[in-house]
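What follows is calculated from the coordinates using simple rules that are stated; it is not laboratory data. Given the structure is predicted, the values throughout are model-derived calculations rather than measurements. With ideal geometry, Cβ positions are generated from the backbone for all residues, glycine too; neighbour counts draw on all protein chains shown.
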Amino acid sequence: MRDFSGDHRWLSINTATLRVQWPLDRIIDECAQRGIRAISPWRDQVAAVGLHVVAQRLRDTGIELSGYCRGGMFPATTPEARQRALADNRRAVDEAKTLNAPCLVLVVGGLPGALDGTPAHKNIAAARSDVRDGIAATLAYARSVGVPLAIEPLHPMYAADRACVNTLEQALDLCDELDPERSGALGVAVDVYHVWWDPKLQAQIARAGRPRLLAFHVCDWLVPTRDLLTDRGMMGDGVIDVPQIRRWMEDAGFSGYSEVEIFSSENWWKRDGGEVLDVCIARHRSAV
Ligand code: ZN
């Protein structure tokens, strides 16, 4: 396993970690000042600054992307809504291409309407079928553009409203069905927050292998967790054995960035952005 203790060349910052403190152009500059080589931005943060402004700032600073967040949200109840979702995913693929992202991360969606508080039905099997069809359609477009898609399985507590793909095994089954040749066009984003509890995790990471392992997200699981969405911990502050999972990733051939992704309304989003980045660097060296 790579030794991270002496430098932070394999640290990437998922820019949601600083979304409250700074706009994306400032995040890029602050990362550059600290020798952080990669980020993974969110679409709304890019849109707020401007796609081409962001692309230019990345070129100017030499910062690259470890991923682009996010596409997905496929399930719908009408043909029109399905088409809108696919069109939005094509735009996300195009943005990822403009930013030279190595993958577009997919948070696939759950029961249609649930994220807004009004689920249209209780048929999670139908939602999963929509997800399969949505990924298949988006994959055809993404292949033509040259942007790999990374399915991110989410913790089952988000099955209703954010993602009905909840284990790495389930995500890899989709990969095997839609990309049986293991072309590199479809893979997974392994986020320790979502998968650390899974008794099959080690075996499924090994099954994925290098062609499927497109991104690695790190943070920590706090005990107690006070909010289902915005109470993620800094690496080292919770109960996830992050180095163990990184070891499994690297044993399977992964050699990319460790991307810090922390949504934290009661702690890290309240702190000075520079302090947060400095702690990310320190914990990347000591707890990843
Ligand atoms: Zn993630």
In vacuo Debye scattering of the stretch 150-208, one point per C-alpha: log10 I(q)/I(0) at q = 0.18, 0.27 Å⁻¹?
-> -0.56, -1.14
For the residue pair residue 286 and residue 140, what label-to-label distance in nm results when each label sits 7 Å from Cα along the Cα-to-beta-carbon direction?
-> 5.2
Taking 0.36 nm per residue of separation between residue 52 and residue 123 and subtracting their Cα-Cα distance, the length gained on full extension comes to 21.5 nm
In order through the stretch 181-188: 3J(HN,Hα) via Karplus (6.51 cos²θ - 1.76 cosθ + 1.60), integer Hz, x for Gly, Pro | 7, 6, 6, x, 7, 9, x, 10
Segment residue 173-residue 77, length gained on full extension (0.36 nm per residue, minus Cα span) | 32.1 nm
For residue 106, enumerate residues with amide H under 5 Å from its amide H, sequence gap 5+ or separate chain, H modeled in the peptide plane.
-> 71, 150, 151, 152
Stretch gain in nm, segment residue 1-residue 157, where the contour uses 0.36 nm per residue and the Cα spacing is subtracted = 53.0 nm
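When the convex hull of the Cα atoms of the chain is projected onto a plane and the area is averaged over all directions, what value comes out in nm²?
Numbers: hull surface 55.3 nm².
The directionally averaged projection comes out at 13.8 nm².
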Label-point gap, in nm, between residue 116 and residue 182 - each point 7 angstrom along Cα→Cβ | 4.2
For the stretch 101-111, in order, what is each residue's ³J(HN,Hα) by Karplus, 6.51 cos²θ - 1.76 cosθ + 1.60 with θ = phi - 60°, in whole Hz (x at glycine and Pro)?
-> 6, x, 6, 9, 7, 10, 9, 6, x, x, 6
Using the Cα centre as the reference, give the magnitude of the dipole from point charges on the C-beta atoms of the chain (Lys, Arg: +1; Asp, Glu: -1; all else neutral), rounded to the nearest 20 debye.
-> 340
Over the stretch 152-288, the quotient of the Cα radius of gyration and 2.2 N^0.38 Å is 1.06
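Please compute the contact order of the chain in relative form: average sequence separation of alpha-carbon pairs under 8 Å and at least six residues apart, divided by the residue count, as a percent.
Relative contact order of the chain: 20 percent.
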What residues qualify as long-range amide H neighbours of residue 214, i.e. H under 5 Å apart, gap of 5 or more or another chain, H built at 1.01 Å from N?
-> 188, 190
Taking θ as phi - 60°, what are the ³J(HN,Hα) couplings along the stretch 37-45 by the Karplus curve (6.51, -1.76, 1.60), each to the nearest whole Hz, with x for Gly and Pro?
-> 8, 8, 9, 9, x, 9, 4, 5, 5
The stretch 41-81: Rg to Rh, with Rh as the Kirkwood radius over Cα pairs = 1.17
Computed [θ] at 222 nm, deg cm²/dmol, the chain (DSSP H ≥ 4; -39,500 (n - 2.57); rounded to nearest 500) | -13000 deg cm²/dmol
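Among 237, 179, which comes first, second and so on when ranked by fewest other beta-carbon atoms within 10 Å?
Taking fewest neighbouring Cβ atoms as first place, the list is 237, 179.
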